Each structure stands twice: as structure tokens, then as C-alpha cells.
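A.B. asks: This is the structure, below, for whatever I ask next.
Readers should treat all values here as calculations from the given coordinates under stated rules, not as data from a laboratory. Predicted, not measured: the structure shown is a model, and the values here were computed from it. For neighbour counting, all protein chains shown are included, and Cβ atoms are generated from backbone atoms with ideal geometry for every residue, glycine included.
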Amino acid sequence: MQKRVGFAGLGLMGSRMARNLLEKGFPLAVWNRTAERCRPLADAGAQVARTPRELAEGADVVVSCVADPAAVERLVFAEDGVLSAARAGFRYLETSTISPDLSRRVAEALRTRGADALEAPVTGSRIGAERGTLLLMTGGRKETHEELLPVMMAMGTKAIHCGEIGQASVVKLIGNTIISFMLEGLCEGLVVGRRAGLSPETILEVVMASGFASPYFTFKGGAIARRDFDTHFSIDLLVKDQGLMLDEAGARKAPMPGLAAIREVFQSARGQGFGGEDIAAVVKVLERAAGL
């Protein structure tokens, strides 16, 4: 029998992930802080829970996809939170990008009640969430990873077990650090190229024919060339992840001077009102600085 799934967080990613679970036959209930966002899934057949506790009471596994650590704290530890309904056999799947410390704290709290947690941050952006092609990185007990694979494979195409609770969060933050460097390098190059009279298309053609080619450059470079900043992954959320990575690096006594500098560029984008736009919109900060 398929597990009863409760899904918390129906934003840009979560709404699409939850729909894939519903379309692939999982009995689904949903909860969101703004209840109105539950309506499309309710119309498609999902139940709507009034609180995270009610969501957990009627589910074998709760999947979380919320914006930030504060939202996870509320979801799990509030008086009407998931933890209050945890019991033997209950599972919690955390797909949000949060700090390794918070992942560990959630898992420890659930385990004291006989339940278990698996952290499973995702990558693949809005398109991957919609198509069910996300990559999940997991941290936790290997047997819990195996148990929850059917749920994860309703939302993605691959789940890599990275180690203990907290380690998958570190891997996800590393990935978003690499994205930060790639996008900053691409945007700076495009701005200099524009000042030199080169088209973005010419620059991208050369990049993609080279040894440093990446589909990411085609994806984001093409969007910049079209001036398409429709949100797949917002600047606000990437800045949050950059901050989490710098905190983790500080705790590990590992220097990250490059990321610290890049984060200031993205913070400038937030200050100029671009925080809700796609991360590719950071190019507008560099264009303004270059007088374009």
C-alpha cells in the first residue's frame, strides 16, 4: 500500500512537487500558511489540513518544502506542529534548504518519539519540480532513505544518499555556492562583453563550444539574452542559502572569501528591489554599475 502523504509548503516548488505526488496515486493532504494556495490541489482531490499537527495525524510521511529555517521551526516545533503528532513509524521528509544544525535538531526531536526524519534537499528548479525530474540529496539512516524512495521518486528521478543527517544539507549548500560562482562569472562576462560590443548569443556560442561549457550557462544565459527574469529560483532564496553556507563555513573554520564577496552583489540586487525575481536578474545590478 502507498504511504499517506502530507505535504507542507505550496510555493513555487512545493505546489508542483505535491501535484506530482497526487497524480502518481499517493493519498495526499496539504497544508500551507496561506490557505488559499491549497485550493488548486484541493480541487484536484487532495485533502486540506488546518494545522501541521492535523496534517501529520493523517499521514504516514510529511514532506516539507518551505522557504527558510524559520518556516521549518514553525512547521515542526510550534504547539500545533508536526512534532506533536509524531509517533512510532511516522516519517518526516525535509526537502527545504536549511542549516545542517536544524536538520539534526529536527531528526533528534522526532526520534525521541519513535519517528524518524530524512533530509532531502532538491535541485532542478521550477521546471524539475513541475516535470518530476528533481535530484534529491539525502541525509539520515540508509534504511529510511530506502523506505522513502517511492515517495521521492514521485517527485524526482534520482536520490543520492550523502550520509548522516546534516551532510545532505552541506552538499546542497555546496551546490548553491557553485551556482553563485557560475552565475556571477557569467553575468560579469556578459556585461564586459556588452561594453565591448559583443552580443550575448556570440559569447554563449563560444562558451558552449569550450571545455567549460555547462547547460546552466545555456539556461541562464539564454534567459538574460531574452530579458526573461521569470522566477525559477529567487534572489531572496539564494541569498538565504549563501548566508547558511557562510555560517556553516564559519563554524567549520573554513574561509569562503569568494562567496562572501558574491553574496554582496546579490544583496545589492535585493536592495534594488529584485529579490523576488529569478537569480539571473542579478545581471541588472552589474549592468547598472557599468552604466548600461
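A.B. asks: Regarding the chain, what's the average projected area of the Cα-atom convex hull, expressed in nm²? Can you show the working numbers first?
C.D. replies: Numbers: hull surface 63.4 nm².
Its average projected convex-hull area is 15.8 nm².
A.B. asks: Name the helices (complete DSSP H segments) of the chain with a Cα length along the long axis of 20 Å or more and a Kyte-Doolittle mean of at least 0.0, or state none.
C.D. replies: Numbers: long enough: 167-195 (43 Å, 0.82); 235-251 (24 Å, 0.42); 257-271 (21 Å, 0.10).
The qualifying helices are 167-195, 235-251, 257-271.
A.B. asks: Also, quick follow-up: Given Cα pairs under 8 Å that are at least 6 residues apart, what percent is the relative contact order of the range 5-163? Spell out each step's value before the answer.
C.D. replies: Values: 320 pairs, mean separation 32.1, N = 159.
Averaging sequence separation for qualifying contacts and normalising by length gives 20 percent for the range 5-163.
A.B. asks: Relative contact order (percent) for the chain, with alpha-carbon contacts under 8 angstrom and 6 or more residues of separation?
C.D. replies: Working: 515 pairs, mean separation 39.2, N = 292.
Reported relative contact order: 13 percent.
A.B. asks: To make sure I understand, if each residue's beta carbon is the centre and we count other beta carbons within 10 Å, what order do Met17, Met256 fall in, fewest to most?
C.D. replies: Values: Met17 24, Met256 17.
Taking fewest neighbouring Cβ atoms as first place, the list is Met256, Met17.
A.B. asks: Of Ala88, Thr123, Thr157, which is farthest towards the positive pole of the range 73-160's charge dipole, taken about the Cα centre with +1 and -1 on the beta-carbons of Lys, Arg and Asp, Glu respectively?
C.D. replies: So the residue we want is Thr157.
A.B. asks: Something else: Projecting each Cα onto the charge dipole of the chain (Lys/Arg +1, Asp/Glu -1 at the beta carbon, about the Cα centre), which of Ile262, Thr138, Val283 comes out farthest on the positive side?
C.D. replies: Selected residue: Thr138.
A.B. asks: Among residues other than Thr144 whose Cβ falls under 13 Å from its Cβ, what is the net charge (Lys/Arg +1, Asp/Glu -1)? All intermediate terms of the calculation are to be shown ahead of the outcome.
C.D. replies: On the way: positive: Lys3, Arg91, Arg111, Arg141, Lys142; negative: Asp60, Glu94, Asp116, Glu119, Glu143, Glu146, Glu147, Glu164.
Taking every other residue near Thr144 into account, the sum is -3.
A.B. asks: State the percent of C-alpha pairs, over all pairs in the range 170-289, separated by a distance greater than 26 angstrom. Don't jump to the answer; show the numbers that get you there.
C.D. replies: Details: 1402 of 7140 pairs.
Every Cα pair in the range 170-289 considered, those over 26 Å come to 20 percent.
A.B. asks: To the nearest 20 debye, what is the magnitude of the charge dipole of the chain about its Cα centre, counting +1 on the Cβ of each Lys and Arg and -1 on the Cβ of each Asp and Glu? Walk me through the numbers before you get to the answer.
C.D. replies: Numbers: 35 positive and 34 negative charges, 28 e Å.
Using Cβ point charges on Lys, Arg, Asp and Glu, the chain gives about 140 debye.
A.B. asks: Just list whichever of Lys3/Lys172; Lys158/Lys240; Lys220/Lys284; Lys24/Lys158; Lys3/Lys24 have alpha carbons separated by over 20 Å in the model shown.
C.D. replies: Details: Lys3/Lys172 26 Å; Lys158/Lys240 25 Å; Lys220/Lys284 13 Å; Lys24/Lys158 16 Å; Lys3/Lys24 12 Å.
Table pairs above 20 Å Cα-Cα are Lys3/Lys172; Lys158/Lys240.
A.B. asks: Given a Förster radius of 25 Å and the C-beta distance between Ala44 and Thr157 as r, what FRET efficiency does 1/(1 + (r/R0)^6) yield to the nearest 0.05?
C.D. replies: Working: r = 22 Å, r/R0 = 0.90.
FRET efficiency, Ala44 to Thr157: 0.65.
A.B. asks: About its Cα centre, how strong a charge dipole does the range 5-163 have in debye, to the nearest 20, once Lys and Arg get +1 and Asp and Glu get -1 at the Cβ? Numbers along the way, then the final one.
C.D. replies: On the way: 20 positive and 19 negative charges, 46 e Å.
Approximately 220 debye in magnitude.
A.B. asks: Give the order of Val207, Val191 when sorted by the count of other beta carbons within 10 angstrom, beginning with the fewest. Present the calculation step by step, with values, prior to reporting the outcome.
C.D. replies: Details: Val207 17, Val191 20.
Exposure proxy ranking, most exposed first: Val207, Val191.
A.B. asks: Moving on to the next point. If you find the alpha carbon centre of the range 22-53 and of the range 147-192, how far apart are they in angstrom?
C.D. replies: 27
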